[in-house]
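Reviewing the structure listed below.
The values are calculated or read from the model by the stated rules, or taken from the named source; none is laboratory data. Computed from a prediction, not measured in an experiment: that's the story for all the values here. Cβ placement follows ideal geometry from the backbone for every residue including glycine, while neighbour counts extend to all protein chains displayed.
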């Protein structure tokens, strides 16, 4: 009689399954070819070149702003201050026109950005709703403004007929809404705020305005940061509208004051200009004023930079 031995499965007899088993081979890594390495070296060289093209002039401006007027006028400043001094910033901060322009620019950028963001949301959110009557026609009207405009003279006539000439609102209302920002916000709302959320809010008795304020806006912080940055930088750097619509110097923004110093060399009102040559002082003030006018944007940007890529990609890719 032949005795048959019962075979026990390996996973039952082995108290520690897989301990002595060979490990799986890792996925083979793709080896870079010589052409790939040469391409990446070329990319890094190209990016470094672009970085130097942008960075070197900025460092030169910063170094010149801390140099003496004679060194700046003589062209002896490259990437490091020559005869370090703060006389340029003293001249800038003691010029009443510059201080007034700085305050005006803060007002235009702050109030203008708040008005622009509010109006953009008020237009973009209804356009993002599929149940809006005439939605396609209204979107077409927004797109039309991106391709065609009335021109400079008709726009000036409209501003004059509204009584906005030589007022602060002349720099805020005519450029309050940007078609591109409206499209970004509209696409963001469509892709981020689901219709089921609106239906749930309606069942709870929330009105459309309540839903927008309590639900949509808290969920749209990346979008609000992006369009606020766009509007804010545009308002801060704008000077052409002020050149056209404003006549009173007490309403001039900082960029228009900077333009007068760069082009007209208007250095009247500086106390230090009486002690030095006017041309040397004007050259130094140009660099110091450029740095002063750039600082607010550099201080604000880090707080919204983390939202910028997310907001722009959601508004530009999905549609």
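Applying the criterion of at least 2 residues that are more than 35 Å from the chain's Cα centre (by Cα) and either surrounded by 10 or more Cβ atoms within 10 Å (Cβ to Cβ) or modelled with pLDDT of 80 or more (or both) to the helices (runs of 4 or more DSSP H) found wholly in segment 1-109 leaves 34-65. Within this structure, residue 132 passes the test of being in the same structural domain as residue 222 (by TED's automatic domain parsing) and more than 26 Å from the chain's Cα centre (by Cα).
Report whether or not residue 237 is within 21 Å of residue 287 (Cα to Cα), surrounded by fewer than 21 Cβ atoms within 10 Å (Cβ to Cβ) and touching a residue at least 12 places away in the same chain (Cβ under 8 Å). Answer is yes for this residue. Residue-level check: of (1) more than 25 Å from residue 236 (Cβ to Cβ); (2) surrounded by fewer than 19 Cβ atoms within 10 Å (Cβ to Cβ); (3) touching a helix residue (DSSP H, G or I) at 6+ places or on another chain (Cβ under 7 Å), residue 145 misses just (1). Within segment 135-150, the set of residues being within 26 Å of the chain's Cα centre (by Cα) and outside any helix (DSSP H, G or I) comprises 148, 149. Determine whether residue 251 is within 20 Å of the chain's Cα centre (by Cα), assigned by TED's automatic domain parsing to the domain that holds residue 138 and in contact (Cβ under 8 Å) with a residue 12 or more places away in the chain. Considered against the rule, which asks whether it is within 20 Å of the chain's Cα centre (by Cα), assigned by TED's automatic domain parsing to the domain that holds residue 138 and in contact (Cβ under 8 Å) with a residue 12 or more places away in the chain, residue 251 comes out as no.
Considering only segment 153-211, give the helices (runs of 4 or more DSSP H) lying wholly within it that have at least 1 residues that are assigned by TED's automatic domain parsing to the domain that holds residue 237, buried (at least 17 other Cβ atoms within 10 Å of the Cβ) and within 26 Å of the chain's Cα centre (by Cα).
The qualifying helices (runs of 4 or more DSSP H) are 179-192.
On inspection, residue 117 qualifies as assigned to a helix (DSSP H, G or I), in contact with a helix residue (DSSP H, G or I) (Cβ under 8 Å, 6 or more places away or on another chain) and either more than 14 Å from residue 285 (Cα to Cα) or in the same structural domain as residue 212 (by TED's automatic domain parsing) (or both).
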